[in-house]
1. What does the charge add up to near Pro138, with Lys and Arg as +1, Asp and Glu as -1, over the other residues with Cβ less than 13 Å from its Cβ?
2. In sequence order, what are the phi-derived ³J(HN,Hα) couplings for the range 36-44 according to the Karplus relation 6.51 cos²θ - 1.76 cosθ + 1.60 with θ = phi - 60°, rounded to whole Hz, with x for glycine and proline?
3. Going out from 0 in 5 Å bins, what whole percent of all Cα-Cα distances in the range 162-316 drops into each bin?
4. When the distances between all Cα atoms of the range 239-314 are binned every 5 Å from zero, what whole-number percent does each bin get?
5. Measure of size requested: the Rg and Dmax of the chain, with Cα atoms as the atom set and Å as the unit; please supply both.
6. Can you list residues from other chains, or at least 5 along the same chain, whose modelled amide H is less than 5 Å from the amide H of Val33?
7. DSSP loop trypsin sites (Lys or Arg not before Pro) in the range 286-316 with at most 14 other Cβ atoms within 10 Å of their Cβ, which ones?
8. Highest GNM mean-square fluctuation, the chain, Cα pairs closer than 10 Å: which of Asn301, Asn265, Asn89?
Amino acid sequence: MKWVLAPLAGFTDAPFRRLCARLGADLTYTEMVSAAGLAHGSSPTRHLMELLPGEGPVACQLFGSKPDELAFAAREADATGRFVELNLNAGCPVPRIVHEGSGSALVKKPELVHELLKAMVRETKLPVTLKTRPGPRPDCVLLWELLDAAETAGARGITLHARFTSQNHGGDVHLDLLAELVQRAKIPVGGNGGVVDPATARAMAATGVDAIMIGRGAVARPWLFGELKGAAPQTVGTDPMNRLFLEHLDAILEFREMLARKYPNDHVPAVDGFVSVKLHTHLFRYFAGRPGAGELRRRLNAIRTLAEVRELAQNL
Ligand SMILES: Cc1cc2nc3c(=O)[nH]c(=O)nc-3n(C[C@H](O)[C@H](O)[C@H](O)COP(=O)(O)O)c2cc1C
């Protein structure tokens, strides 16, 4: 079984990917990268495609709705020489993305998915893959049309987030559809949705998928990949846990420095601002569920500088 870190906008940046890879993820994904952003030369979009030294294999996920923009983006991603795979996002339900015809808007348009994948395949020798959902609603399964669109476009893999668009990111994971996809597909199949521990991983593995992709289950629990491969579980509040937090923090600083060095003309936030954003969106989650987590959260909320973060982490 191949264990994969899902693309999670705001979370699967280079520091977190490297941590997950070190702790057992076989493949990690970038946050979704806008094809239109790349076509228009947006710097923040380019930052999403940067890797840290020592990362494992990384797939670059692209989103968009125009074949020429996806072709351009695939060419650009390929030219970096950094990625082992390019992926098309046909599943994100965020309104801003759907309104521009991307993400889960594509679940309803297998023909366009075919065009977009074909445009990407033409531009690269890297494997191109699709990440999608079974359909817009439980009474409208379009998975077989999407599978056909992918296979006939030359995609070399399909990952199914086995929830309908109408379910957003919650509710039942339709493992029956995933199992049927495995039976029908001629290309490798990845399963995604609701895997958070060995029991949920076993249930998904029973569908026969080639790979299991984990999203929220790995946030602030990067050791989950190792645990699923048989390593001892790490629990909240242990020493390794604090060391992981500090390793993650150091990687965030290393990444900020790399961006500032590589993009001297771009706005890269100063150290305290950068750390503060990552702390409040991502890092504080390491401490959720600990005894006294509420109080800790209040202290974390008041933190504005790197020195304060370090002091707090070292004294926990
Ligand atoms: C905060 C957040 C950000 C996400 N960003 C992306 C993204 O950039 N690209 C994508 O294909 N899916 C994205 N997803 C969906 C996840 O990749 C995954 O399909 C979903 O969370 C289900 O897996 P899980 O139950 O293991 O979390 C995102 C989900 C969340 C909660």
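1. On the way: positive: Arg133, Arg137, Arg163; negative: Asp139, Asp172, Asp176.
Taking every other residue near Pro138 into account, the sum is 0.
2. After applying 6.51 cos²θ - 1.76 cosθ + 1.60, I find 5, x, 5, 4, 9, x, 6, 5, x Hz.
3. 1, 8, 14, 15, 14, 13, 12, 11, 7, 3, 1
4. That works out to 3, 15, 26, 25, 15, 8, 5, 2, 1, in percent per bin.
5. Rg then Dmax for the chain, in Å: 19.5, 57.
6. Answer set, sorted by chain and number: Gln61, Leu62, Phe63.
7. Details: sites: Arg297, Arg298, Arg299, Arg304, Arg310; in loops: Arg304.
Sites meeting the loop and neighbour criteria: Arg304.
8. Asn265
Taken together, the values in this text are just the output of simple stated rules run on the coordinates, not laboratory data. Just so it is clear, the model here is predicted, and its values are computed rather than measured. Positions of Cβ are backbone-derived with ideal geometry, glycine not excepted, and every protein chain shown enters the neighbour counts.
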